[in-house]
Amino acid sequence: MTAADPRHRPMAAGDPEPAHRRHGLSAARTLHRVHWMPGTDRLHAICFCGAENEFDDPVVLWDWLLGHPDDHHPQPVPDSPAPAAVLV
Amino acid sequence: MIVAEFARDQWYVAAFSHEVGRRQLGRTILDEPVLLYRTEDGQAVAMADRCVHRRFPLSESPSHLVGDKVVCGYHGFTYGPDGVCVAVPAQQRVPRTARLRTYPVVEQDSFVWVWIGDREPGGTLPPRAPWLAQSGYTTVCGMEPLNARYGLLVDNLLDLSHETYLHGGYIGTPEVAETPITTEVDEEAGVVYVSRHMADAACPPFYAESTGIKGRITRWQDIEYHPPCLYLLHSRVAPVGSPLPAADGTDPHAFHVEVVYAITPSTGNTTYDFWAVARDFALDDEKVSDFLRESNRTVVLQDVTALNTLEQVLAREPDRYQELSVNIDTGGLAARRLLAKMAGTPRTEPAVR
Ligand code: FES
Ligand SMILES: [Fe+2]
Ligand SMILES: [Zn+2]
């Protein structure tokens with residue numbers, strides 16, 4: 001893979017584009033994404049099914065994310081941080 | 001819990017290609033003693049490193065190669081590259097069961113990969129690290145033995161926040177620990193991605209001295225971990241204000257360093273830490289090569305020292321110790337989950353932490 005390979009285009013600073021797009025995996029059906037929300041201590045998790053949730057403990061986060069489809073009801077994330085513990 | 005089980009039926013890096021030659025090389029991989037050598041026509045072969053007779057290691061002198069065959073240094077049992085015993089001292093009959101187990105081998109990207117497991121690899125190929133043997137890049141590399149379980153090295157590499165503390169003065173600057181990360185897991189492909197993009201960061205000596213950049217930099221770290229064995233760190237460094245990569249993927253205004261680690265479990269508490277650093281600049285500059293080789297080896301040894309200490313601590317601790325995880329561990333925790341799944345570890349309670 002060279003720098004000229006389009007799969008190797010790094011994301012821009014702060015660009016939320018997922019790394020997998022650079023690697024030709026955009027069709028991945030099982031891609032879980034976690035963004036550390038800038039300026040906060042919170043983690044925003046997005047399941048491939050569209051379900052989203054916020055956490056402040058990465059262990060609880062992976063339990064939820066990799067537990068798909070348990071508790072995954074795709075819906076917009078609430079404005080205020082959701083309590084993490086409820087979703088274990 | 002740090003993953004302790006081995007994932008079998010997987011490709012593992014056994015050696016760099018340049019390490020395998022007309023001298024036997026012995027490596028222990030997933031607790032299996034493996035003998036590596038090259039036949040006269042250049043094929044790398046891998047087989048069990050224990051003579052079937054009295055178990056003498058075929059990698060140990062006075063065992064030796066004669067043509068493509070290896071002769072046991074104890075009583076002379078002789079084996080072909082297919083592992084079949086062809087001669088036994090002082091008798092005509094070679095017992096039918098006298099054969100060594102052989103391992104599938106793939107030589108790719110400057111690594112010799114072996115398949116450790118019970119089933120055959122079929123069409124499964126090792127993941128790629130093409131820069132290590134590709135024109136347009138210059139690579140330096142090495143291997144450091146680690147007296148710690150491989151899971152500690154996986155943890156270490158998936159969380160680069162430690163650069164700021166353990167590798168200050170080499171690759172660490174304050175921004176590394178301060179910048180949030182994005183983590184992705186592709187369960188189907190079995191890959192963990194961790195990205196940290198610093199828009200305006202100090203340039204650590206590792207990059208300042210190799211690239212010649214004087215001021216502050218944009219510094220991108222994009223990790224791709226292909227469990228169990230291969231870790232890629234795509235590192236992009238450019239002076240602040242340099243143009244971003246073009247839409248077609250070219251990126252002429254930045255320096256690129258591809259840092260590669262092969263994490264090969266040897267025994268339950270020892271690991272082979274293969275490392276390589278490929279760069280797309282100063283290709284023929286020996287001084288830059290020497291500097292990067294020495295600096296990266298120093299950085300690797302800083303990790304080795306820390307992880308060896310950690311292994312001692314963990315070995316003395318009860319199994320059920322509850323460690324604490326925070327946001328910087330998001331990628332490492334994901335890697336542990338994939339590894340545990342590959343190792344077939346049943347999901348016990350508490351979940352793998
Ligand atoms: S142990 Fe190898 S020939 Fe006896
Ligand atoms: Fe390190
Ligand atoms: Zn889901």
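The values are calculated or read from the model by the stated rules, or taken from the named source; none is laboratory data. This is a predicted model, so every value here is computed, not measured. Quick reminder, even Gly has a Cβ in these numbers, built from the backbone with ideal geometry, and neighbours come from all protein chains shown.
Per-residue answers, yes or no, for (1) away from chain A (no Cβ under 14 Å); (2) within 16 Å of ligand 1 (Cβ to nearest atom); (3) over 20 Å from the mean Cα position of the chain (by Cα):
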position	(1), (2), (3)
B:GLY26	yes, yes, no
B:ILE29	yes, no, no
B:LEU36	yes, no, no
B:ASP41	yes, no, yes
B:CYS51	yes, yes, yes
B:LEU58	yes, yes, yes
B:SER63	yes, yes, yes
_Residue list for segment B:148-182, filter: of a type in the set (S, T, N, Q) and either on the phi > 0 side of the Ramachandran plot or away from ligand 2 (no atom under 16 Å from the Cβ) (or both)_ = B:THR179, B:THR182
*Do you know which of the residues in segment B:280-298 that are among the hydrophobic types (A, V, I, L, M, F, W, C) and assigned to a loop (DSSP other than H, G, I, E, B) is farthest from B:LYS214 (Cα to Cα)?*
B:LEU283
*asked:* Please list, ordered by residue number, the strands (runs of 3 or more DSSP E) wholly in segment B:13-132 having 3 or more residues that are farther than 26 Å from B:LEU232 by Cβ and more than 16 Å from ligand 3 (Cβ to nearest atom).
replied: B:32-38, B:44-48, B:64-66, B:69-71, B:85-87
_Of residues in segment B:271-321 being modelled with pLDDT under 95 and of a type in the set (Lys, Arg), the one nearest to B:LEU30 (Cα to Cα)_ = B:ARG316
*Out of the residues in segment B:171-223 that are acidic (Asp, Glu) and in contact (Cβ under 8 Å) with a residue 60 or more places away in the chain, which is farthest from B:ASP303 (Cα to Cα)?*
B:GLU187
*Please find, within segment B:275-321, the residue that is nearest to ligand 1 (Cβ to nearest atom) out of those that are within 14 Å of another protein chain (Cβ to nearest Cβ) and touching a Phe, Trp or Tyr at 6+ places or on another chain (Cβ under 7 Å).*
B:ALA278
*Is it the case that segment B:113-129 has a residue that's touching a helix residue (DSSP H, G or I) at 6+ places or on another chain (Cβ under 8 Å), buried (at least 19 other Cβ atoms within 10 Å of the Cβ) and not small (Gly, Ala, Ser)?*
no
*asked:* With the requirement that a residue be of a type in the set (Gly, Ala, Ser), closer than 27 Å to B:HIS234 by Cβ and at pLDDT 95 or above, what does segment A:13-65 give you?
replied: A:ALA45
*asked:* Any residue at all in segment B:147-160 that's within 14 Å of chain A (Cβ to nearest Cβ), out of contact with any strand residue (DSSP E or B) (no Cβ under 9 Å at 6 or more places or on another chain) and at pLDDT 95 or above?
replied: yes
*Check off (1) within 25 Å of B:GLN10 (Cβ to Cβ); (2) surrounded by fewer than 16 Cβ atoms within 10 Å (Cβ to Cβ) for B:GLY331 and give me the number that stays unchecked.*
(2)
_Of all residues in segment B:65-87 being in contact (Cβ under 8 Å) with a residue 24 or more places away in the chain and crowded, with 16+ Cβ neighbours inside 10 Å, the one that is nearest to ligand 1 (Cβ to nearest atom)_ = B:PHE77
